[in-house]
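Beneath this line is the structure, given in structure tokens, with notes to follow.
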Amino acid sequence: MDTMALVSVAAAVSRSRSQLFPRLLLFRKRIVSGVQPTGAIHLGNYLGAIKTWIELQNSYDTLFFIVDLHAITLPYDTQQLSKATRNTAAIYLACGVDTSKASVFVQSHVRADVELMWLLSSATPIGWLNRMIQFKEKSRKAGDENVGVALLTYPVLMASDILLYQSDLVPVGEDQKQHLELTRELAERVNYLYGGRKWKKLGGRGGAIFKVPEPLIPPAGARVMSLTDGLSKMSKSAPSDQSRINLLDPKDVIANKIKRCKTDSFSGMEFDSPERPECNNLLSIYQLISGKTKEEVAQECQDMNWGTFKTLLTDALVDHLHPIQVRHEEIISDPAYLDGVLGEGATKAAAIADATLSNVYQAMGFLYR
Ligand code: AQP
């Protein structure tokens, strides 16, 4: 075969691939996930969510958003919200979220989300919301004056986030399982109340309005605990910054936090001892950051004292986070690039969202606009 023929065969293969690829994407299961811009993104957000997305984006149709509407359910700083939103988006990208595979956008940039939430609210029995453990816990901590209605209705917005994009799977940690169960019940209820033949009689396509999403349980060990208390989750809202490693913490801050973190008086290092939650937590962090197996880490660290292990962990953290920090700095100093990514992501997400929303309006009997 001559060169020209080879070139045209290659071009034909490439054309048919590009024609096939969008269709293949259609058959991929869809995953939606996000982080609230409520503070500095920490190691728990990274190991429990963002790092797992990097794998997921290769096999699923993925939408990763910055859930800014959720960030206002408790008192917040208006001067910080947009900055934290940009920063969170830049962190997604710096950690390896690839915009050729995943859509990255800001929750509030897709207006259909809050609109759907209102429609869903009318189908949500208030008793379902009163049952939510996170509402009970957060409202008790915040005190009556600081508890807005949004804290109670937050799970309806979360349901809207998921159902709007017809998600197949939702990665959920232990604390979000109850909210996903509510989302599933709500999808089934709306499908029953307004879908099927009733919708068809209104001129719609009939059948289910929403996909009922399934939970995607993260791998064991992805729950990162506080550095000052191995029994509490590492969290953005914990008052002490010493309790967490933030993704953008400089080297000396990381070293200082690890140096001062809570330890115990046992000798050697071991996983899974009920009497040693801090030891288990720090070994698990080391395992996740180093990419080694649990057995490899157990063997490597079993005879170490706390001092030696802390040096090892600090070095591993600094080495792992340094490239992310460099990339974050590049992205955050290029606002046009970041705006472009978020604009494109919102456009793609809105196309899916608008289709779902107009189906819901139609099925609920609204006058067609
Ligand atoms: N400690 C953690 N270990 C593992 N995963 C965690 N996630 C959060 N903390 C840990 C996961 O991060 C994702 C986004 O969380 P979020 O921002 O929506 O809120 P959150 O779960 O409430 O996280 P924080 O940091 O504790 O925030 P505040 O203090 O504002 O409530 C989720 O996938 C979550 O599982």
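The values are calculated or read from the model by the stated rules, or taken from the named source; none is laboratory data. These numbers come from a predicted model, not from an experiment. Ideal geometry is used to build each Cβ from the backbone, glycine not excepted, and the neighbour counts take in all protein chains shown. When the accessible area is computed, the model is the full protein with side chains, heavy atoms only, and any ligands, DNA or RNA have been set aside. Shrake-Rupley method; radii C 1.70, N 1.55, O 1.52, S 1.80 Å.
If Asp272 satisfies every condition in (1) without any contact (Cβ under 8 Å) to a residue 12 or more places away in the chain; (2) open to solvent by less than 50 Å² (accessible area, probe 1.4 Å) but one, which is the exception?
That leaves (2) as the condition not met.
Restricting to region 153-174, name every residue that is in contact with a Ser or Thr (Cβ under 8 Å, 6 or more places away or on another chain) and not in a loop (DSSP other than H, G, I, E, B).
Thr153, Tyr154, Pro155, Val156, Met158, Ala159, Ile162, Leu163, Leu164, Val170, Pro171
Would region 190-209 turn up any residue that is under 24 Å from the mean Cα position of the chain (by Cα) and open to solvent by 20 Å² or more (accessible area, probe 1.4 Å)?
no
Failed condition for Ser235, given (1) outside any helix (DSSP H, G or I); (2) away from the ligand (no atom under 13 Å from the Cβ), with all others met?
Going through (1) outside any helix (DSSP H, G or I); (2) away from the ligand (no atom under 13 Å from the Cβ) one by one, Ser235 breaks only (2).
Conditions: (1) farther than 28 Å from Ser121 by Cβ; (2) under 23 Å from the mean Cα position of the chain (by Cα). Gln242 meets all but one. Number of the miss?
Failed condition: (2).
Would you please list the contacts, defined by Cβ atoms under 6 Å and residues six or more apart or on different chains, that run from a residue in region 41-58 that is farther than 21 Å from Lys101 by Cβ to a residue that is within 10 Å of the ligand (Cβ to nearest atom) and among the β-branched types (Val, Ile, Thr)?
Correct list of pairs: Leu43/Val224; Gly44/Val224.
Starting from region 336-352, keep only residues that are farther than 18 Å from Thr62 by Cβ, then list their pairs with residues that are of a type outside the set (D, E, K, R) and surrounded by 13 or more Cβ atoms within 10 Å (Cβ to Cβ) whose Cβ atoms are within a distance under 7 Å, requiring at least 6 positions of separation or different chains.
Matching pairs, first to second residue: Tyr337/Ile331; Leu338/Ala89; Leu338/Ala90; Leu338/Ile331.
Considering only region 243-259, state which residues are open to solvent by 50 Å² or more (accessible area, probe 1.4 Å) and either farther than 13 Å from Leu282 by Cβ or within 12 Å of the ligand (Cβ to nearest atom) (or both).
Matches in region 243-259: Leu248, Pro250, Lys251, Asp252, Asn256.
Could you grab the pairs with beta carbons closer than 7 Å, sequence gap of 6+ or different chains, first residue in region 163-186 and closer than 17 Å to Thr153 by Cβ, second one open to solvent by 30 Å² or more (accessible area, probe 1.4 Å) and part of a strand (DSSP E or B)?
Close Cβ pairs (under 7 Å, with a partner that is open to solvent by 30 Å² or more (accessible area, probe 1.4 Å) and part of a strand (DSSP E or B)) amount to Leu180/Pro215.
Quick one: in region 59-92, which of the residues that are under 18 Å from Lys348 (Cβ atoms) and in contact with a Lys or Arg (Cβ under 9 Å, 6 or more places away or on another chain) is farthest from the ligand (Cβ to nearest atom)?
Among residues in region 59-92 that are under 18 Å from Lys348 (Cβ atoms) and in contact with a Lys or Arg (Cβ under 9 Å, 6 or more places away or on another chain), the one farthest from the ligand (Cβ to nearest atom) is Asp61.
Restricting to region 353-364, and then to whatever is open to solvent by 50 Å² or more (accessible area, probe 1.4 Å) and touching a residue at least 40 places away in the same chain (Cβ under 8 Å), can you tell me which residue is nearest to Ser167 (Cα to Cα)?
Asp354
Conditions tested, residue by residue: (1) open to solvent by 40 Å² or more (accessible area, probe 1.4 Å); (2) more than 18 Å from the chain's Cα centre (by Cα).
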site	(1), (2)
Tyr76	yes, yes
Gln79	yes, yes
Ala84	no, no
Leu93	no, no
Gln107	no, no
Leu116	no, yes
Lys138	yes, yes
Leu152	no, yes
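(1) open to solvent by less than 20 Å² (accessible area, probe 1.4 Å); (2) in contact with a Lys or Arg (Cβ under 8 Å, 6 or more places away or on another chain); (3) of a type in the set (A, V, I, L, M): which one isn't true of Ile332, the others all being true?
Going through the list (1) open to solvent by less than 20 Å² (accessible area, probe 1.4 Å); (2) in contact with a Lys or Arg (Cβ under 8 Å, 6 or more places away or on another chain); (3) of a type in the set (A, V, I, L, M), Ile332 breaks only (1).
Does Lys177 meet the test of being within 12 Å of the ligand (Cβ to nearest atom), among the charged types (D, E, K, R), at pLDDT below 95 and not in a loop (DSSP other than H, G, I, E, B)?
yes
Based on this model, can you work out whether Lys51 counts as surrounded by fewer than 15 Cβ atoms within 10 Å (Cβ to Cβ) and either of a type in the set (Ser, Thr, Tyr) or outside any loop (DSSP other than H, G, I, E, B) (or both)?
no
Given the residues Ala187, Ala222, Ala159, Ala142, which is the only one that is open to solvent by 20 Å² or more (accessible area, probe 1.4 Å) and either in contact with a strand residue (DSSP E or B) (Cβ under 9 Å, 6 or more places away or on another chain) or on the phi < 0 side of the Ramachandran plot (or both)?
Going through Ala187, Ala222, Ala159, Ala142 in turn, the sole match is Ala142.
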